[in-house]
Amino acid sequence: MSRPAIYRIRVHGRIDPAWSDVLQGMTMTVIHVPEQPTVTELCGRLPDQAALMGVLQHLYNCLIPVISVACMSVDPYPGVAGASSISQRSLPGTDET
């Protein structure tokens, strides 16, 4: 996909927020559930799948296990002024909206 999209990546463990620049400016949220492993959720808009692969490659190189990757929405008209509404899409086989 060569269009901008919003992605959510979940990884095991805690990632230092200072890594945000290296991870294409994605926001990080640490999720704590009692008696469950710590998970960090990365969310953000990436310009294309090459940028997504860059983020995933960095996580892989740092030996950070990826739990899931989801495309939350795609910008149908990248670069068009006033086309800021992004359609919501779910991955096949998920219950997310």
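All of the numbers you see were taken from the coordinates with simple rules; none came from a lab. Since we're looking at a predicted model, the values are computed, not measured. In this analysis, Cβ positions are derived from the backbone assuming ideal geometry, glycine residues included, and neighbour counts consider all displayed protein chains.
Some points to look at:
- Share of Cα-Cα pairs in the range 5-75 lying beyond 18 Å, as whole percent: 31 percent
- Subtracting the Cα-Cα distance of Gln57 and Trp19 from 0.36 nm times their residue separation leaves 12.3 nm of extension gain.
- Relative contact order of the range 5-75, pairs being alpha-carbon contacts under 8 Å that are 6 or more residues apart, as %: 49 percent
- Spin-label model, Val30/Arg45: points 7 Å from Cα along the beta carbon direction are separated by 2.8 nm.
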